[in-house]
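Take a look at the structure below.
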Amino acid sequence: MLIDVAKKKIPATRQHVKLNSPLLLAAAMALPLALHAGSYTNNFDTSLGAGTLLGNAAYDSATASLRLTENLGSQSGAFVLGDLDPGKAINSFNATFALILGPGSGNAADGASFNFGTPATTAFGEDGPNSPHMLTVSFDIYDNVGGENKIQLRINGAQIADSSTTPDKTGISTAVVVHYDAAGLDVSYNNIAIFTDVQTPGFTPAAGDTFAFGARTGGETALQRVDTIAITTTTVPEPTTALLAFAGLGVLGIRRRRP
C-alpha cells in the first residue's frame with residue numbers, strides 16, 4: 001500500500017513521512033538483527049590453518065585431515081580455533097564438518113566432541129572441556145554399561161539432551177551439521193536430524209568464545225579425525241550500527257516535493 005503524502009502542501013522544499021508511519025515501521029522490523037562476521041573453512045589439504053593443537057592432536061599429512069587421537073591407548077587431543085569475532089559476542093553460528101571415528105580396537109573408544117565457549121587450554125575428550133561456560137556436542141562411542149555411547153548435548157559440563165543415535169566407529173567419514181541461534185541448537189548426523197531447537201539454559205555466547213574439537217582414548221582405542229570444516233557466525237550488532245541503520249530509514253522517508 002502506497003502512502004499518499006502529497007495531499008497537503010508543506011511550506012518547505014521537502015515532504016516528510018513520519019517515523020511512525022506503517023511503511024517505516026515495517027522497514028525497521030525488517031532490519032537484520034545480526035551482522036555476518038567470522039568464518040573458518042579448511043579441507044586440510046595443506047595445513048591446519050589458524051588454531052592451536054593440544055595434547056596428542058596433530059595434522060595428518062597422510063590423510064590430509066585433523067587427527068585428534070591415534071589408534072593408541074590413553075590419548076587425548078584437541079584443536080582450538082582462534083577467535084573468529086574478536087571483541088564481539090555471536091548470536092548464531094553454522095558449523096559443518098566430517099567426523100571420522102575409527103578404526104580402533106575390539107570395542108573402539110572413546111569418542112569426540114564439538115565445542116563452543118571459553119577457550120580450552122588443555123586437551124579433552126568426548127565430553128568436552130567440562131568448563132563452566134561451554135556448549136558441547138558429544139559423539140560418545142564407548143558404552144560404560146550405562147548406554148553412554150550416543151550423541152549427546154552438554155552445557156557447562158552437564159548433559160541436557162540425549163539421543164538414540166550411536167556414532168559410527170568403523171572409520172566412515174560422516175557429515176555433521178551444528179546450528180545455533182535464538183531458537184536453540186540443531187544437530188544433524190549423516191544427514192539425519194538428531195536435535196532440533198534444543199534450548200541451552202545456562203549458556204549465552206560471550207565475547208572471546210571459540211570453537212574447538214577434542215577426542216580421547218583409554219584402554220580401548222580408536223583413530224579419531226576431523227575433516228572439511230566450515231564455520232560461519234553472525235554477531236550482535238553494536239548499538240551505533242543499529243542507530244545508523246534506523247537513521248538511514250529516516251532519510252529514505254524524505255521525498256523532495258515535485259514541482
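The values are calculated or read from the model by the stated rules, or taken from the named source; none is laboratory data. This is a predicted model, so every value here is computed, not measured. No Cβ is skipped: glycine too gets one built from the backbone with ideal geometry, and neighbour counts run over all protein chains shown.
Right, Ala242: surrounded by 15 or more Cβ atoms within 10 Å (Cβ to Cβ), on the phi < 0 side of the Ramachandran plot and modelled with pLDDT under 95 or not?
Considered against the rule, which asks whether it is surrounded by 15 or more Cβ atoms within 10 Å (Cβ to Cβ), on the phi < 0 side of the Ramachandran plot and modelled with pLDDT under 95, Ala242 comes out as yes.
Taking the stretch 132-153 as the search range and keeping residues that are in a strand (DSSP E or B) and without any contact (Cβ under 8 Å) to a residue 40 or more places away in the chain, which one is nearest to Thr118 (Cα to Cα)?
Residue satisfying both the conditions and the ranking: Thr136.
Of all residues in the stretch 181-198, which are touching a Ser or Thr at 6+ places or on another chain (Cβ under 8 Å) and either among the aliphatic types (A, V, I, L, M) or farther than 19 Å from Leu99 by Cα (or both)?
Asp181, Ala182, Gly184, Leu185, Ile192, Ile194
Looking at the stretch 17-131, what strands (runs of 3 or more DSSP E) fall wholly within it and have at least 2 residues that are modelled with pLDDT under 95 and surrounded by fewer than 22 Cβ atoms within 10 Å (Cβ to Cβ)?
In the stretch 17-131, the matching strands (runs of 3 or more DSSP E) lie at 35-42.
Pull up the stretch 131-160, narrow it to residues that are among the aliphatic types (A, V, I, L, M) and farther than 16 Å from Tyr180 by Cβ, then point me to the one that is nearest to the chain's Cα centre (by Cα).
Among them, the one singled out is Ala158.
If you check every pair at least six apart or on different chains, which have Cβ atoms under 7 Å apart with a residue in the stretch 203-223 that is within 21 Å of Leu185 (Cα to Cα) first and a residue that is aliphatic (A, V, I, L, M) and outside any strand (DSSP E or B) second?
Pro205/Ala89; Ala206/Ala89; Ala207/Ala89; Ala212/Ala120; Gly214/Ala123
Select from the stretch 107-165 the residues that are in contact with a Phe, Trp or Tyr (Cβ under 8 Å, 6 or more places away or on another chain) and among the small types (Gly, Ala, Ser) and list them in ascending order.
Selection gives Ala108, Ala109, Gly111, Ala112, Ser113, Gly117, Ala161, Ser163.
Of the residues that make up the stretch 93-110, is at least one touching an Asp or Glu at 6+ places or on another chain (Cβ under 7 Å) and closer than 21 Å to Gln159 by Cα?
Scanning the stretch 93-110 turns up at least one residue that is touching an Asp or Glu at 6+ places or on another chain (Cβ under 7 Å) and closer than 21 Å to Gln159 by Cα.
Looking at (1) more than 20 Å from Val178 (Cβ to Cβ); (2) touching a Ser or Thr at 6+ places or on another chain (Cβ under 9 Å); (3) charged (D, E, K, R), which one does Asp45 not meet, given that it meets all the others?
(2)
Could you please find all residues in the stretch 177-198 being outside any strand (DSSP E or B) and surrounded by 12 or more Cβ atoms within 10 Å (Cβ to Cβ)?
Of everything in the stretch 177-198, those that are outside any strand (DSSP E or B) and surrounded by 12 or more Cβ atoms within 10 Å (Cβ to Cβ) turn out to be Ala183, Asn190.
Does the stretch 160-176 hold any residues that are part of a strand (DSSP E or B) and either over 25 Å from Ser105 (Cα atoms) or among the acidic types (Asp, Glu) (or both), and which are they?
Passing the criteria: Ile160, Ala161, Asp162.
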